[in-house]
Amino acid sequence: MSILYDEGQQAIATESRRVLDARVAKDRLLKLLEQVGEHDATFWDTAVEQGWTALAVPEEHGGLGLGLVELGLVAQASGAATAGAPFLTPGYGVTHALVAAGNADLAAKYLPQIASGDVRGAVAFAEGTDILPATPATKFADGKLTGSKPAVPGAIKAELALVWASGANGPVLAIAELAGAERKPVSSFDNSRLYADLTFAGTPATILAEGAAALDLAREVLARMAVVTAHEQVGGSEALLHIARDYAVMRKAFGQPIGAFQSVKHRIAEMYGLVEIARANCIHAAAVAGTDEFLVAAADARLTATEAYDTCARDCVQIHGGIGVTWEQGLHLHMRRARSLAIEQGNLLFWEDLLVEKLTGEAA
Amino acid sequence: MTESEDIAEIRRAVQALCAEFPGEYWREKDRTRDYPGEFVDALTQAGFLAALIPAEYGGSGLKLDAAAVIMEEIQAAGCNGASAHAQMYIMNTLLKYGSEQQKRAYLPGIADGSLRLQAFGVSEPTSGTDTLSLRTVAVRDGDEYVVNGQKIWTSRAEHSDLMLLLARTTPREQVAKKTEGLSIFLVDMRQAVGSGMTIKPIRTMMNHSTTEVFFDDLRIPASSLIGEEGQGFRYILSGMNAERILIAAECIGDAKWFIQKASDYAKERKVFNRPIGQNQGVQFPIARCYAQMRAAELMVHHAASVYDSGGNPGAEANMAKMLASEASWAAADMCVQTFGGFGFAEEYDVERKFREARLYTVAPISTNLILSYLAEHVLGLPRSY
């Protein structure tokens, strides 16, 4: 594929950035940090209104039938704005699982509601630090789920969850409505992610895939979500790069802009390098979705975007000095988001292991 | 840190000796891959390599901290102590666990340099850091042991009279504890070469005189066994701490050389009409390396003082080696960067020292094994290997 975005894709990028610039307000995001159970409703309403929830849903189910490239561009704009609603990425994960599993009834039931924003998805794979445990403690039997999934993003408000569980014949991927599950909100350093501990006590669920097919599909879903998240991380990194650059040009010390000092300007140049490498990996990963290369490309994107966002968050605060750690300046919104996104969709170790496995052909 | 006058005197003496062996000497040796015999002889004659041998056996009976200063100064002067450092510490096992008769027989010769104990046969092709899985065997036959097997990375074997050899004397499956069944021998290579022992040099990226050693029914007298049969692994452990501390001190010396060299160059070299050292992009990396080196230096002296006071410096010796080798490698990289293109030109010695300094995050023990040691034995985390 071309590494250049086509006209339609460029329009999505520009428009999503423009809309979010106008509507996302730092004060509102700062308030969200101090309460458990609230997301940025303005952002989510915007996502629904702009059709971002429908982007990757097939047209026959009321969606726009676009894919990872377009969703990635929206995620990049959301990342730049530290937008406070965690539904776009898992919603896409649930969408992909429903489409890939080939269950026409379930797809017809849920996909139109996901496209319209009436149903919000969550993806509950992780148990502890293991994003995709080999034998999950959550059990599936007789059409019901039993067990707990800790700190699931979006789970305080999501209506539907894609769950990784142990079944009679190995692991299963199951879809469950969350009305029947218990949710215990988690107070976190990034509260608008809406983390909740989900407990299933005989919650009705339907199998989408089981055994080896379930593992393959779970990895594919995770990789696709990781690529969306990597775009979000790139958006955040790039925003920080610009904030740092602007401050270094404006702020004076010893009679000159601090950006004149090599230790400052070189650091900003290094941030630029990290952002561009991660961006290139994101574009490549989005472009090869559905091919044999995808898992490796997704891991590349995920690893480099995590490093870029972490580094930019740290260095941007450093370049700002004391003002960088103030509540009002809000750089901590990025610092918090850099850390929450670094954990959602699997930490660096998971992706490094996967990369080793794919490159050597051996399980790490 | 203020040092005693004794230590300062040692530093001055080593500096004076090393001044006789300038960059050209080392460049020539590097080019021809020759052993720096003149340098080793000078060190020996000055008594520096006998620093750790007690006075009653002809050495100077110094503490390890003082010996560390000798090694540091050698490196800081741009010389390469790897050609000789083993003479200083391999005898430790003999000193600690050898019989009085063995000590009388060998230590005075080692002290005056007439006997070179520079080779330590531990690593094997199939057992790198996993020493307990080594395969070289020594089987008792009357008054002799018969040795078969192979060692690798045995440095200076061609320039040594004696070799300390670790070999299995009891098969692994027959020992009660897995650390038992290995024994230590002091092998006289002057007799062994050609009658069961073959040495093959390995060419490396620096002038390091390392070799492979093959044993094919080599017969050695039973009297060459040091201490009790089967306890060899335990005997070498204490020597390894001394080795790590001394090599850490060499790394500190290397780091000091690189930092000095880079600072001097950055002050004098002008680009865009000012010294390159006026650029933060140049001076900050030098300053950072200096801070890293000084921190590592403190750990080296701390480890040496734990060793000298009779404690077990396992953690400190390991940390000192890791921190110092990382500091010297960082300084080496920084120095090449500071010199730009000239960093690659032989005449500045930077590229030679760069190649030499690279060894020490790998040998004599790799950083991974040090981290494993700290994780398991200091922090109580599960064994990872």
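Each value in this text was obtained by applying a stated rule to the coordinates, not by laboratory testing. Note that the coordinates shown come from a computational prediction; the quantities given were computed from them, not determined experimentally. Every residue, glycine as well, gets a Cβ built from its backbone with ideal geometry; the counts of neighbours run over all protein chains shown.
Taken about its Cα centre, region A:121-211 carries a charge dipole of about 140 debye when Lys and Arg each add +1 at the Cβ and Asp and Glu each add -1 at the Cβ. Near the amide H of residue B:136, within less than 5 Å, lie the amide hydrogens of B:150, B:168, all on another chain or at least 5 residues away, with H placed in the peptide plane.
Summing +1 for each Lys or Arg and -1 for each Asp or Glu, what net charge is found among the other residues whose Cβ lies under 13 Å from the Cβ of residue B:373? Summing Lys/Arg as +1 and Asp/Glu as -1 gives +1.
Model label sites at residue B:274 and residue B:176, defined 7 Å from Cα along the beta-carbon direction, differ in position by 7.3 nm.
A simple charge model with +1 on the Cβ of Lys and Arg, -1 on the Cβ of Asp and Glu and nothing else charged puts the dipole of region B:117-230 at about 360 debye relative to its Cα centre.
Run the numbers for residue B:200 and residue B:305: contour at 0.36 nm per residue of separation, minus the present Cα-Cα distance, in nm.
Additional length available on full extension: 34.0 nm.
Ranked by how many other Cβ atoms sit within 10 Å of their own Cβ, fewest first, the residues B:62, A:30, A:240 fall in the order A:30, B:62, A:240. Taking the longest Cα principal axis of chain B as reference, the axis of helix B:232-268 is set at about 10 degrees. Between the amide H of residue B:119 and those of B:162, B:164, distances stay under 5 Å, these residues lying 5 or more places away or on another chain, with hydrogens modeled in the peptide plane.
For the residue pairs A:109/A:157; A:265/B:353; B:256/B:321; B:29/B:261; A:184/A:358; A:26/A:157, alpha carbon separations beyond 26 Å are given by A:265/B:353; A:184/A:358. Please arrange A:310, A:21 by counting, for each residue, the other beta carbons lying within 10 Å of its beta carbon, fewest first. With the sparsest Cβ surroundings first, the list reads A:21, A:310. Amide H contacts under 5 Å for residue A:251: A:258, restricted to partners 5 or more places along the chain or on a different chain, H placed in the peptide plane at 1.01 Å from N. Extending 7 Å from Cα along the Cβ direction at residue B:362 and again at residue B:42 yields two label points whose distance is 2.9 nm. Among rounded, prolate and oblate, which fits region A:7-116 when a ≥ b ≥ c are the square roots of the eigenvalues of its C-alpha gyration tensor, a/c under 1.5 means rounded, and a/b larger than b/c means prolate? Taking the square roots of the gyration eigenvalues as a ≥ b ≥ c, region A:7-116 is oblate. Could you point to the residue in B:372, B:47, A:321 farthest towards the positive end of the protein assembly as shown's charge dipole, with +1 and -1 charges on the Cβ of Lys/Arg and Asp/Glu respectively? Of B:372, B:47, A:321, it is A:321. Averaging the sequence gap over all C-alpha pairs within less than 8 Å and six or more residues apart, then dividing by the number of residues, gives region A:185-323 a relative contact order of 29 percent. Once C-alpha pairs closer than 8 Å and six or more residues apart are averaged by separation and normalised to the residue number of chain B, the relative contact order reads 15 percent. Along the axis of the charge dipole computed for region B:270-367 (Cβ charges of +1 for Lys and Arg, -1 for Asp and Glu, origin at the Cα centre), the listed residues B:314, B:293, B:277 are led at the positive end by B:277. Using Cβ point charges alone (K and R +1, D and E -1), the dipole size of the protein assembly as shown about the Cα centre works out to roughly 1000 debye.
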